[in-house]
Amino acid sequence: MPTAVSLFSGAGGFCEGVRLAGFKLACAVEMDPYAVRTHGANFPKVPMFSGDVSRFLVESQPGVPSKRDLIDSEVDLVFGGPPCQGFSQIGPRDLKDPRNLLYLEFARVLRALKPKLFVMENVPNMVAMKNGHFRDLIFSALRSAGYRNTILIPLTASQFGVPQHRRRVFFVGSRDDLSAPDDLAVQFGRYLNAHRSEREVTVDEAISDLPRSVSPDDGPLAYPKLRLKKLSDFQRAMRLDMDSPLVPKSWKTSNLKGERSLFNHHTKGIEKRRQRIVKALKPGAAGDSLPKSLWDGSRPYKWRRLHPDEPSYTILAQMQRDLSEWIHPKHDRWITVREAARLQSFHDGFVFVGSERQQLKQVGNAVPPLLGYAVAAAARKLLKTI
């Protein structure tokens, strides 16, 4: 089984995709304490370096493989997505944001561990920002780390079974001394195409089987019985009571009695003024459709209700502050943490811990597992050729 090291692991969306692709996670690195707790709850056997990535392979932590351990075991893949807030179109896009330089830590780990392959994920604006300034710097850093054969691939999550129009870019590279194909982009593209979906998954196909009512105290609910006459293929893959290859047997039940629970099906309350706005929004409509008596703001997307018959727009970490852009397509409330997780393609056994605010942040920051799986599965096929 090929081995992988996860950087900037977050809650573990990319890790889940890499696991599904058949890699063994040698260790993970994450500094956010709440994301570390979530990762540990879902990957209890994966050693976690909890702290700043700049100290990884420099400092030791109990139970975490050392640099020598990882070199001796020969890492096949290093993967991860450095925090993207400095590049994102949402926010100030500060060129001096220190997070913009975290790709240098990624390159440092590549130099130290010398994996056969790497995959680095980020937002498309990172490529376009300042006329490709950071894109060129990243390519230069990767070449200096020993990965001249590096490509950049833009992908949309909805093309790989994720019910969400989430656009991301992936740097993929092979170590210089390996006989990787000269046409790496073409070859990797072929492997990716094998995992492209024939059709997009809609919001309704993703979350319509989840209960209308939410947890009043943010605690777990009894797992919902099947009420739909016909489940979508996506729902069958997400549910704990279905025979799904995405859900390991250890996640099928939630307690020692063998009972299933629905975790994270809770959301923020809505004050009366906002409730009137929510009720006035039709499915797929935005704030600019509202009468001025209800809302006269300048941002048309300050308010948005998801369309049931289309994939979701991008699930973002800013949900932690305001959910007004993520209104349920049919119910007059915000989507829940669990519904947001479904729209990111997390199965129902994947549990998020921390406050509701922290859970929404973790979900929004994650790489969708099914997108991560497609990329990791293509990387595994590539490994067999080098």
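The values are calculated or read from the model by the stated rules, or taken from the named source; none is laboratory data. Just so we're clear, the structure is a prediction, and the values are computed from it rather than from any experiment. Every residue, glycine as well, gets a Cβ built from its backbone with ideal geometry; the counts of neighbours run over all protein chains shown. The accessibility values were calculated without ligands, DNA or RNA, using every heavy atom of the protein model including side chains. Shrake-Rupley method; radii C 1.70, N 1.55, O 1.52, S 1.80 Å.
There is no residue in the range 315-333 that is open to solvent by 20 Å² or more (accessible area, probe 1.4 Å), over 21 Å from residue 36 (Cα atoms), part of a helix (DSSP H, G or I) and of a type in the set (D, E, K, R). The number of residues in the range 340-369 being within 21 Å of residue 211 (Cβ to Cβ), within 14 Å of the chain's Cα centre (by Cα) and not hydrophobic (A, V, I, L, M, F, W, C) comes to 5.
Okay, residues lined up against (1) of a type in the set (D, E, K, R); (2) surrounded by fewer than 18 Cβ atoms within 10 Å (Cβ to Cβ); (3) out of contact with any strand residue (DSSP E or B) (no Cβ under 6 Å at 6 or more places or on another chain):
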| position | (1), (2), (3) |
| --- | --- |
| 114 | yes, no, yes |
| 117 | no, no, no |
| 120 | no, no, no |
| 123 | no, no, yes |
| 132 | no, yes, yes |
| 136 | yes, yes, yes |
| 141 | no, no, yes |
| 147 | no, no, no |
| 152 | no, yes, no |
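State all residues of the range 365-384 that are open to solvent by less than 60 Å² (accessible area, probe 1.4 Å) and either part of a helix (DSSP H, G or I) or at pLDDT below 95 (or both); if no residue qualifies, say none. Listed by number, the residues that qualify are 369, 370, 371, 372, 374, 375, 376, 377, 378, 379, 382, 383.
The listed residues are 261, 244, and the only one of them that is farther than 28 Å from residue 355 by Cα, among the polar types (S, T, N, Q) and surrounded by 15 or more Cβ atoms within 10 Å (Cβ to Cβ) turns out to be 244.
Residues in the range 343-364 include at least one that is open to solvent by less than 30 Å² (accessible area, probe 1.4 Å), on the phi > 0 side of the Ramachandran plot and assigned to a loop (DSSP other than H, G, I, E, B). Applying the criterion of being modelled with pLDDT of 95 or more and aliphatic (A, V, I, L, M) to the residues of the range 58-90, the residue that is surrounded by the fewest Cβ atoms within 10 Å (Cβ to Cβ) is 58. State all residues of the range 298-314 that are open to solvent by 20 Å² or more (accessible area, probe 1.4 Å), touching a residue at least 12 places away in the same chain (Cβ under 8 Å) and assigned to a loop (DSSP other than H, G, I, E, B); if no residue qualifies, say none. Hits for the range 298-314 are 299, 307, 309, 310, 313, 314.
For the subset of the range 276-332 comprising residues that are among the aromatic types (Phe, Trp, Tyr) and out of contact with any His (no Cβ under 9 Å at 6 or more places or on another chain), which member is farthest from residue 160 (Cα to Cα)? Ranking the candidates gives 295 first. Of the residues making up the range 34-57, those that are open to solvent by less than 90 Å² (accessible area, probe 1.4 Å) and part of a loop (DSSP other than H, G, I, E, B) are 43, 46, 47, 51, 52, 57.
Criterion applied to 227, 199 was being closer than 26 Å to residue 160 by Cα and either open to solvent by 40 Å² or more (accessible area, probe 1.4 Å) or in contact with a Leu (Cβ under 6 Å, 6 or more places away or on another chain) (or both), and the one residue passing it is 199.
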